[in-house]
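Here's the structure we're looking at; comments come further down.
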Amino acid sequence: MPINGGQLLAKALADAGTTEVFTLHGGHLDSFLIACGDEGIRLTDTRHESSAGHAADAYARTTGGLGVCVVTSGPGFTNVYTAIANSYLDRTPVLFVVGAPPLRETETNPLQGGFDQIAAATPVTKWSHRITDPARVPELVSLAIRKATTGIPGPVLLEVPIDVMFGEADEDAVRYPSAYTVDARPAPAASAVSAALDLLQTASNPVMIIGGGVTFAKASDALVAFAEAVNIPVFYPGKSDGAIPAGHRLASGGLLALGSLPAMGAPTPDVVLIVGARAGMFTGGRPSLYPGAQLIQVDIDASEIGRMHDVAVPVLADCREALLALTAGAADRAWPDWSDWVRTATSAKDVHRAGFVDETTESGKPHPYFAARAIVEACPPDTIFVMDGAEAPSWGEFFATTETTGGVLRLGYLGCLGVGPGFAIGAHRARPDAPVVIITGDGAAGFHIQEFDTMARHGMPVVTVVFNNAVWGMSIHGQEAVYGDRGVVVSELADSAYEKVAEAFGGYGERVTSTADIADAMKRAFDSGVPACLNLEVDPNVVHPITTMMLGDVTSTDEIVVPYYENIPR
């Protein structure tokens, strides 16, 4: 019997275990979209392809599995490109499928064609491929999934031209793979495990730093078992929140907590065990947060080991397999009593409280620090927090915690504002029983505000809190710090009624002007049962410490001050 390429794509995805696809309609996709219902695949259609891509990304981050995004050709592809790059830099396993004009119409100036999508996708994917024969769809889907989910995780892209999507094959001639995934978990060398444990035993102030490698290896239980076996504090910058539950006695917070140790008068770590975390902005950048420390680094990618700082013991392995081996080896050893150090290290996550004791502001509007605290305190324990923007989510990150892997989603290496709605949509599909709250700035809120419609149509009661200070906070504060008032350029916004947009799309909206009113407003938003937007006025003059940190020394006379990076020597 004949079967078309779209049916084969839907069947292949279903056979691979896919139940959720994020999309936006395009005629190039119809044979696939129509077939999804027969294969038990739910389609969530957004109002912009970028949001569909971000939703698939967040679905992968929240589940630790594969996200799938299917969009049309031309502008559909270019619109989703930002989401592809975002997942590539953060190493999130997402399968992107894009349509294309007919193969037979190359070089005819066709609709939504005329450029090489595979060439454009190649720099921001692990693998990109154009399918030219409907009969080969299942085997190439299987290949794409294996490439996305094994080794270094990351996005892959399949282009399916419309004459392949609608074209037919004899089903008897189609090879359906027996398996779409493989359990590829390379174990560490026994010598590396032994060397790592030998070095760790010599430490006085050891810490463990974990990253996304733990999340996608689904290594939470192995992580906790090892941390408890040796009694070591665990820091989790980047995308590994919840891998060790925030309420665990060894959970020590993120990057700001790690960087706060010297300010507390505490010693810096002398042995650092890095598990699945890449060196970069989320570990403090080139300046070391642990000068003089000896490093043990576990990573599945050999090129990441020693990227910025010399590593005493490299361990090339899957994070879960490495942690299991370390735990087994640790059982036969006597470990130092690091209890005092654990108490010091884990207290770092609360040191920020001493820096904010006065709620008063110049404008009389709510102080963003205390507003963020009130928001998080009003949320149920199992809330998924989505952080979008620059300063606004940074206030929220002082307080937002999770007991579950993937329970806090935030910007990654791309620094891509506007991920919030898409991330929230993906998180809701991944964990439909968990409340989802977006904490965003008014700048970031404007990127994809139309996704209130998506949330309303699909019955997603996501609560969005907009920190409205009528400025691009990190931008204007950086300009003022470096240039003074004369440097304020294109960083001011209007005091807009964001809550009215949510109402117009079928949601609930409310403006909040007092910190004391936040708890009741949050309750009304949750109780509404529809997408909700709280437009929260906050003071525009309060500068977040992260902005100051990212500016560096603005008083330097022998350097050129630049925002976000190291200053330039004159």
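Given the structure, is ALA10 under 16 Å from VAL124 (Cβ atoms) and either buried (at least 23 other Cβ atoms within 10 Å of the Cβ) or in contact with a helix residue (DSSP H, G or I) (Cβ under 7 Å, 6 or more places away or on another chain) (or both)?
Working: under 16 Å from VAL124 (Cβ atoms): no; either buried (at least 23 other Cβ atoms within 10 Å of the Cβ) or in contact with a helix residue (DSSP H, G or I) (Cβ under 7 Å, 6 or more places away or on another chain) (or both): yes.
Judged against the criteria, ALA10 is not a match.
Can you pull out the strands (runs of 3 or more DSSP E) entirely within segment 432-543 that have at least 1 residues that are free of Cβ contacts under 8 Å to residues at least 40 places away in the same chain and acidic (Asp, Glu)? Steps first, answer last, please.
Details: elements: 436-441, 463-468, 508-512, 532-537.
Where strands (runs of 3 or more DSSP E) fall fully within segment 432-543 and carry at least 1 residues being free of Cβ contacts under 8 Å to residues at least 40 places away in the same chain and acidic (Asp, Glu), they are 508-512.
Quick test for you: out of VAL311, VAL315, VAL298, pick the one residue that is part of a loop (DSSP other than H, G, I, E, B), closer than 15 Å to ALA192 by Cα and either within 28 Å of the chain's Cα centre (by Cα) or outside the structural domain of SER220 (by TED's automatic domain parsing) (or both). Outline the logic, then answer.
Working: VAL315 fails: part of a loop (DSSP other than H, G, I, E, B); VAL298 fails: part of a loop (DSSP other than H, G, I, E, B).
When all the criteria are applied, what remains is VAL311.
This table checks each residue for (1) more than 13 Å from ALA516 (Cα to Cα); (2) small (Gly, Ala, Ser); (3) touching a strand residue (DSSP E or B) at 6+ places or on another chain (Cβ under 8 Å).
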| residue | (1), (2), (3) |
| --- | --- |
| ASP340 | yes, no, no |
| THR346 | yes, no, yes |
| ARG353 | yes, no, no |
| GLU359 | no, no, no |
| HIS367 | no, no, no |
| ALA371 | no, yes, yes |
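Would you mind stating whether SER204 is at pLDDT below 95 and among the polar types (S, T, N, Q)?
On the way: at pLDDT below 95: no; among the polar types (S, T, N, Q): yes.
Taking the combined requirement at face value, the residue does not satisfy it.
Going residue by residue through segment 561-568, is there one that turns out to be in a strand (DSSP E or B), touching a strand residue (DSSP E or B) at 6+ places or on another chain (Cβ under 8 Å) and not assigned by TED's automatic domain parsing to the domain that holds PRO366? Write out each step before concluding.
Taking segment 561-568 as the starting set, the residues that turn out to be in a strand (DSSP E or B) are 568.
Retained after the next criterion (residues that are touching a strand residue (DSSP E or B) at 6+ places or on another chain (Cβ under 8 Å)): 568.
Filter again for not assigned by TED's automatic domain parsing to the domain that holds PRO366, leaving 568.
Yes, some residue in segment 561-568 is in a strand (DSSP E or B), touching a strand residue (DSSP E or B) at 6+ places or on another chain (Cβ under 8 Å) and not assigned by TED's automatic domain parsing to the domain that holds PRO366.
Got at least one residue in segment 328-350 being at pLDDT 95 or above and at positive phi?
No: segment 328-350 contains no residue that is at pLDDT 95 or above and at positive phi.
Which of the residues that make up segment 393-406 are closer than 19 Å to GLY212 by Cα, over 10 Å from the mean Cα position of the chain (by Cα) and not hydrophobic (A, V, I, L, M, F, W, C)? Reasoning before the result, please.
From segment 393-406, those closer than 19 Å to GLY212 by Cα are 397, 400-406; that's our starting set.
Remaining after also requiring over 10 Å from the mean Cα position of the chain (by Cα): 397, 400-405.
Residues satisfying the conditions are GLU397, THR401, THR402, GLU403, THR404, THR405.
Can you give me the number of residues within segment 492-545 that are surrounded by fewer than 21 Cβ atoms within 10 Å (Cβ to Cβ), among the charged types (D, E, K, R) and over 16 Å from TRP472 (Cα atoms)?
Looking only at that region, the number is 9.
Among the candidates PRO102, PRO161, single out the residue that is assigned by TED's automatic domain parsing to the domain that holds GLY26, crowded, with 17+ Cβ neighbours inside 10 Å, in contact with a Leu (Cβ under 7 Å, 6 or more places away or on another chain) and in contact (Cβ under 8 Å) with a residue 60 or more places away in the chain.
Values: PRO102 fails: in contact with a Leu (Cβ under 7 Å, 6 or more places away or on another chain).
That would be PRO161, the only listed residue that is assigned by TED's automatic domain parsing to the domain that holds GLY26, crowded, with 17+ Cβ neighbours inside 10 Å, in contact with a Leu (Cβ under 7 Å, 6 or more places away or on another chain) and in contact (Cβ under 8 Å) with a residue 60 or more places away in the chain.
Tell me whether segment 120-129 contains one or more residues that are among the small types (Gly, Ala, Ser), touching a helix residue (DSSP H, G or I) at 6+ places or on another chain (Cβ under 7 Å), more than 19 Å from VAL164 (Cα to Cα) and in contact (Cβ under 8 Å) with a residue 60 or more places away in the chain.
Taking every residue of segment 120-129 in turn, none turns out to be among the small types (Gly, Ala, Ser), touching a helix residue (DSSP H, G or I) at 6+ places or on another chain (Cβ under 7 Å), more than 19 Å from VAL164 (Cα to Cα) and in contact (Cβ under 8 Å) with a residue 60 or more places away in the chain.
For segment 331-368, name all the residues that are in contact with a Phe, Trp or Tyr (Cβ under 7 Å, 6 or more places away or on another chain) and in contact (Cβ under 8 Å) with a residue 60 or more places away in the chain. Explain how you work it out, then say what you get.
To start, the set of residues in segment 331-368 that are in contact with a Phe, Trp or Tyr (Cβ under 7 Å, 6 or more places away or on another chain) comprises 352, 356, 359, 368.
Listed by number, the residues that qualify are HIS352, GLU359, PRO368.
Residues are listed down the side, and each one gets a yes or a no for (1) out of contact with any helix residue (DSSP H, G or I) (no Cβ under 8 Å at 6 or more places or on another chain); (2) over 20 Å from ALA246 (Cα atoms); (3) surrounded by fewer than 19 Cβ atoms within 10 Å (Cβ to Cβ):
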residue	(1), (2), (3)
ALA372	no, no, no
MET387	no, no, no
ALA390	no, yes, no
GLY396	no, no, no
LEU411	no, no, no
GLY415	yes, yes, yes
PRO421	no, yes, no
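The values are calculated or read from the model by the stated rules, or taken from the named source; none is laboratory data. Computed from a predicted structure; not experimentally measured. Glycine also receives a Cβ, built like all others from the backbone with ideal geometry; neighbour counts cover every protein chain displayed.
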